[in-house]
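All of the numbers you see were taken from the coordinates with simple rules; none came from a lab. Small disclaimer: the values here were computed from a predicted structure and weren't measured. No Cβ is skipped: glycine too gets one built from the backbone with ideal geometry, and neighbour counts run over all protein chains shown.
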Amino acid sequence: MITNDDLTTRAIEWALRGLDRRADVIADNIANAEVPNFRASRVEFETQLRAALDRGQITRMPEPTLRTTTDPADLKGNNVRLEDELVGLIETNLRRQAMVEAFNYKVGLYRLAIGGRR
C-alpha cells in the first residue's frame, strides 16, 4: 500500500495542491482581465515547501499564500497582463505534469519492489 508518509510523496502532494491553486488563480486573473480596478493575484508555496524539504520533514501542509500583485495598472485600474498570465499558466501546467510523472515513477518503483520484473 502506498502512503503519503514519506517525504517525497508528501512533497509531490504539496506541490500539486499549490499548482492547482495557482492554476485557479491564473484562470481568475484571465477571466477578470477587462474588469475595471481588478488586481491580479499570485500564489506562492515554493518557499515553504523548500524550507520543509531542507528540514527533511513535512509535518503539515499549509494553504498556499495568495498575494495581490503591485504591478502597474492600466487606465482602467486593471493590472492583469494577459501574456504574463498565459505564460504562467503554461509553466504551471508543465510543473504539474512533472509532479504527476514523479509520482507515477515512485509508484512504478513500488510495483517493481513488490512484484519484481515481468
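Positive end of the dipole of the chain (Cβ unit charges, origin at the Cα centre): among Phe45, Leu86, Ala113, the Cα lying farthest that way belongs to Ala113.
Given just the C-alpha atoms of the chain, how large is their convex hull per residue in cubic angstrom? Provide the component values of the computation, followed by the final result.
Numbers: hull volume 13.4 nm³, N = 118.
Roughly 113 Å³ of hull volume per residue.
Helical content alone sets the calculated 222 nm signal of the chain at -20500 deg cm²/dmol, taking -39,500 (n - 2.57) per DSSP H segment of four or more residues and averaging over every residue. Ordering Ala102, Ala73, Ile26 by the projection of their Cα atoms onto the charge dipole of region 11-110, which places +1 on the Cβ of Lys and Arg and -1 on the Cβ of Asp and Glu, puts Ala102 at the extreme positive end. Residue order for Glu46, Glu83, fewest other beta carbons within 10 angstrom first, comes to Glu83, Glu46. Identify which of Arg55, Arg21, Arg67 has the largest mean-square fluctuation in a Gaussian network model of the chain, with springs joining Cα atoms closer than 10 Å. Of the options given, Arg55 has the highest mean-square fluctuation.
Where nothing but the Cβ of Lys and Arg (+1) and of Asp and Glu (-1) is charged, how large is the charge dipole of the chain around its Cα centre, in debye to the nearest 20? Mind dumping the intermediate values first?
On the way: 18 positive and 18 negative charges, 127 e Å.
Around 620 debye, computed over the chain.
Starting from the 7 Å offset along Cα-to-Cβ, what nm value, one decimal, do you get for the label separation of Arg17 and Glu34? Result: 3.7 nm between the two label points. Comparing Arg60, Arg42, Arg17 in a Gaussian network model of the chain, where Cα atoms under 10 Å apart are tied by springs, the biggest mean-square fluctuation is seen for Arg60.
What's the exposure ranking of Ile114, Ile12, going from fewest to most Cβ atoms within 10 Å? Result, fewest neighbours first: Ile114, Ile12.
Mean-square fluctuation check for the chain, GNM, Cα pairs under 10 Å: which of Thr65, Thr47, Thr92 is largest? Per the Cα network of the chain with a 10 Å cutoff, Thr47 tops the list.
When you restrict to C-alpha pairs under 8 Å that are six or more residues apart and normalise by the size of the chain, the relative contact order lands at 35 percent. Per-residue 3J(HN,Hα) values for region 82-93, derived from phi via the Karplus relation 6.51 cos²θ - 1.76 cosθ + 1.60 with θ = phi - 60°, read 4, 4, 5, 5, 5, 5, x, 5, 4, 4, 4, 5 Hz in sequence order (x marks Gly and Pro). For region 29-85, what is the Kirkwood estimate of the hydrodynamic radius, computed as the reciprocal of the mean inverse distance between distinct Cα atoms, to one decimal in Å? Mean inverse Cα-Cα distance, inverted, gives 13.2 Å.
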